[in-house]
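Take a look at the structure set out below.
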Amino acid sequence: MAKYVILVTGANGQLGQSLTSISDAYPQFSFHFVARDTMAIDDEVAVKRTFDEIKPHYCINAAAYTAVDKAENDKDGPMAVNGTAVGILARASKAAGAGFIHISTDYVFNGLSETPYKEDHATDPVNNYGASKLAGEKLALELNPAAIIIRTAWVYSEFGNNFVKTMTRLMRERKDLGVVRDQVGAPTYAPDLAGAILEIIRKTLDGKLPWVPGIYHYSNAGKISWFDFAEAIRSGIESDCNVRPITTAEFPTPAKRPAFSLLDTSRIRETYQIAIPRWQDSLEVCLKKTSGGKLHNQ
């Protein structure tokens, strides 16, 4: 039986590695994972060459410039990867007749809402990273109206660098730790997001559901602060580190962060019948995948 070819960018990132980790569960797909050294997404010639060679049926753009603080002084870098390159991939996908799924972020919002952000809420990024991601969203829909954009937030996993791994390391190194309490949202376990993406493709291919273009939100169920998240990690790894709540003002960073990042996920749940796990359950899964309580890649 002929397999559907799925091109995945950002192979070395958290989402890319998470897609790799669950790919065996989808034998009907033939995955082609690329990283910057094999296909730079902001290189239009390289993108066209790859599309011509592998002829993908779908393209999942999991590549991104995610150094939020660095982006404040490196405006060209994030805009090239998070903005211009998304347009290149969107155009290439449309030309190839391939479905295009692009991953965006809660940082397109200003964080001043008091209710979970819906997809049609006015965007207003408060830092350069968010501005670059918003530019990518606009290019994706302009150059490929059939694209699906999934905004997510607070991504973590057993892969790469993320809050869970950083907290785990610091809690083993220190006896006392301050974590911001006045930024609220919900974490996203990257393998859960990876599964949701592949389920959208599977269900639409099977004819069970239609492909509905547009913007969707995905994060694990619940509402917490970074402090709450850190406390749960501390409990999960049975650390005796003292975790203290602090304010954003007490932990200044080059880039401003949204104070409220909670996403309304009802559209993706209803349109594609996606079951979204509670953040507590997904965190437990992540911690159980560690060896002897130690997270991978440390």
Practice problem: Could you pull out the residue among Ala230, Ala249 that is assigned to a helix (DSSP H, G or I), without any contact (Cβ under 8 Å) to a residue 40 or more places away in the chain, farther than 30 Å from Phe29 by Cβ and of a type in the set (Gly, Ala, Ser)? | Solution: Ala249
Self-check item: Qualifying position, being within 30 Å of Cys59 (Cβ to Cβ) and touching a His at 6+ places or on another chain (Cβ under 7 Å), among Ile215, Ile268, Ile276
Solution: Ile268
Quiz item: Can you tell me which residues in the stretch 197-227 are in a strand (DSSP E or B), aliphatic (A, V, I, L, M) and crowded, with 19+ Cβ neighbours inside 10 Å?
Solution: Ile215, Ile224
Quiz item: Which number in (1) over 23 Å from Cys286 (Cα atoms); (2) assigned to a loop (DSSP other than H, G, I, E, B); (3) free of Cβ contacts under 8 Å to residues at least 60 places away in the same chain marks the one condition that Tyr65 misses?
Solution: (3)
Quiz item: So which of Ala275, Ala255 is within 18 Å of the chain's Cα centre (by Cα), in a loop (DSSP other than H, G, I, E, B) and more than 20 Å from His121 (Cβ to Cβ)?
Solution: Ala275
Quiz item: Residues Asp52, Asp37, Asp42: which one is farther than 22 Å from Trp211 by Cβ, part of a loop (DSSP other than H, G, I, E, B) and without any contact (Cβ under 8 Å) to a residue 12 or more places away in the chain?
Solution: Asp37
Practice problem: For the stretch 116-174, name all the residues that are surrounded by 20 or more Cβ atoms within 10 Å (Cβ to Cβ), aromatic (Phe, Trp, Tyr) and under 15 Å from the mean Cα position of the chain (by Cα). | Solution: Tyr129, Trp154, Tyr156, Phe159
Quiz prompt | Hits in the stretch 13-34 (condition: surrounded by fewer than 21 Cβ atoms within 10 Å (Cβ to Cβ) and part of a helix (DSSP H, G or I)) | solution = Thr20, Ser21, Ile22, Ser23, Asp24, Ala25
Self-check item: Out of Ala140, Ala194, sole residue that is outside any loop (DSSP other than H, G, I, E, B), at pLDDT 95 or above and touching a strand residue (DSSP E or B) at 6+ places or on another chain (Cβ under 6 Å)
Solution: Ala140
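The values are calculated or read from the model by the stated rules, or taken from the named source; none is laboratory data. Nothing here was measured: the structure is a model prediction, and the numbers come from that model. Note that we place each Cβ from the backbone using ideal geometry, even for glycine, and neighbour counts take in every protein chain shown.
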